Amino acid sequence: MDRSLAAALLDALPMPALLIGPTERVLAANIAAGRLFGWDGAGRHYITALRQPVLLDAVEQVFRDGEVRQSRYLAQAGNRDATWRVQVAPVETGDGRAVLLAFEDITAVEEAGQIRRDFVANVSHELRTPLTALLGFVETLRGPAKDDPVARERFLGIMEREAGRMAQLVADLLSLSRVEEEERVRPMTSVDLRALAESVAAAFEPQAKTAGVRLVLTLAEAVPPVPGDPDQLRQVLNNLVENALKYGSRGGVVEIALTGPAPEPALRTEGLRLSVRDEGDGIPAHHIPRLTERFYRVDSHRSREVGGTGLGLAIVKHIVNRHRGRLRVESEEGVGTVFTLVLPVG
Ligand code: ADP
């Protein structure tokens, strides 16, 4: 087989590819394969060149029976693991059977699969806990507590709370899926953030009173409107204020502030900043980068106690992305937390 023609053909391919000749030595490897393996390859025996047993088995079998096979190759790319699907195919030449290996990077597909599996496992786990409680109380009400009106009232109260938790979880899941679906559609309505902040604050006033928190508004005058989806921006502010009330401290302040417009280098344009500050326990720094992951909670017990689903900030993140904005979190333990939404003005 013409080795330079083989090398030229492989070099024209975008994916890593290499050809093992009938003598079981690498006849040609393209540049992408050299990059993947960290060698130029040609001339080595394929066993020392490829090294991974699963892939070596596939090559050996193709040499033996000439049937195409799919295999895998695991590599390190920088500091992350990459998974490659390898097609191992026979090439019949005048000198005997050669084997062509073509590599396709399937890391992203594998990761998406893993995320989906984790998500299903998380949702099932979140639903199972309240369901188990509900079923247990139904049994108790049918049996031991049948004729005990006091216990019945108490158990019904717990059942109502557990059912409410499931309803909230389902509502948040639906909301998350809707928000994800719309993430690529640019929102165009003009939204007055000042009016929005005032209206959200008014709606939370009773809850703030119950939580023993003073809700304070510090809003700049004459701020321009931002292009946005009014319902979604309201949801963002609702989630942030709700968290501030849930995780803030009794007797403390929750402040909603609006500033700008000012140049925002991260947005490469002018932006407004809408922030929600609380005086709660704060969030340890190492948790902050993960807060917007679905079901991520700093303190699961506390979150469940206050009726949290662990989805609020994931919803916030998707909405902020759709608006091409940024979400900043600053927190100091024992002092409090500020969530800031930076939104482009135009
Ligand atoms: P949850 O429904 O559990 O409140 P979120 O997605 O809204 O879920 O928030 C994720 C986690 O981030 C919460 O469980 C909580 O641990 C933490 N968190 C969110 N907001 C605050 C805050 N203002 N102060 C302290 N911790 C917070």
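Counting only strands (runs of 3 or more DSSP E) that fall entirely inside the range 222-294 and contain at least 2 residues that are within 11 Å of the ligand (Cβ to nearest atom), the qualifying elements are 269-278. Looking at this structure, is ARG165 modelled with pLDDT under 95 and buried (at least 18 other Cβ atoms within 10 Å of the Cβ)? So ARG165 passes the test.
The criterion of being assigned to a helix (DSSP H, G or I), within 8 Å of the ligand (Cβ to nearest atom) and of a type in the set (Val, Ile, Thr) does not hold for VAL298. Taking the criterion of being hydrophobic (A, V, I, L, M, F, W, C) and more than 17 Å from the chain's Cα centre (by Cα), the residues of the range 281-300 that qualify are ILE283, ALA285.
Which members of the range 301-324 meet the condition of being within 6 Å of the ligand (Cβ to nearest atom), more than 15 Å from the chain's Cα centre (by Cα) and farther than 16 Å from THR129 by Cα? Selection gives nothing.
Within the option set PHE103, PHE119, PHE63, being surrounded by fewer than 15 Cβ atoms within 10 Å (Cβ to Cβ) and aromatic (Phe, Trp, Tyr) holds for one residue only, PHE119.
Please go through the range 40-59 and pick out each residue that is surrounded by 15 or more Cβ atoms within 10 Å (Cβ to Cβ) and either modelled with pLDDT under 95 or among the acidic types (Asp, Glu) (or both). Hits for the range 40-59 are GLY41, ALA42, ARG44, TYR46, ALA49, LEU50.
In the condition set (1) surrounded by fewer than 18 Cβ atoms within 10 Å (Cβ to Cβ); (2) in contact with a Gly (Cβ under 8 Å, 6 or more places away or on another chain); (3) under 30 Å from ASN122 (Cα atoms); (4) not charged (D, E, K, R), THR189 is compliant with all but (3). Does THR309 qualify as being touching a Leu at 6+ places or on another chain (Cβ under 7 Å), outside the structural domain of ASP172 (by TED's automatic domain parsing) and among the hydroxyl-bearing types (Ser, Thr, Tyr)? Yes; evaluated as a whole, the condition is true for this residue. Filtering the range 171-199 to residues that are without any contact (Cβ under 8 Å) to a residue 40 or more places away in the chain and either closer than 12 Å to GLN235 by Cβ or part of a helix (DSSP H, G or I) (or both) leaves ALA171, LEU174, SER177, ARG178, GLU181, ALA195, GLU198, SER199. Applying a threshold of 7 Å to beta carbon distances and a minimum spacing of six or more residues, or different chains, the list of pairs starting in the range 76-97 at a residue that is farther than 21 Å from PHE37 by Cα and ending at one that is among the aromatic types (Phe, Trp, Tyr) reads ARG97/PHE63. Within the range 236-256, residues that are farther than 10 Å from GLY280 by Cα sit with their Cβ atoms under 6 Å from residues that are within 10 Å of the ligand (Cβ to nearest atom), at 6+ positions apart or across chains, in these pairs: VAL236/VAL316; ASN239/GLY312; ASN239/VAL316; LEU240/VAL276; LEU240/PHE339; VAL241/VAL276; GLU255/ARG277; ILE256/VAL276. Considering the conditions (1) over 23 Å from the mean Cα position of the chain (by Cα); (2) more than 8 Å from the ligand (Cβ to nearest atom); (3) under 30 Å from ILE115 (Cα atoms), GLU333 is excluded by exactly one of them, (3). Within the range 132-161, if we keep just the residues that are surrounded by 14 or more Cβ atoms within 10 Å (Cβ to Cβ) and more than 22 Å from GLY307 (Cβ to Cβ), the residue that is farthest from the chain's Cα centre (by Cα) turns out to be ALA145.
The values are calculated or read from the model by the stated rules, or taken from the named source; none is laboratory data. Keep in mind that what you see is a predicted model, and the values were worked out from it rather than measured. For neighbour counting, all protein chains shown are included, and Cβ atoms are generated from backbone atoms with ideal geometry for every residue, glycine included.
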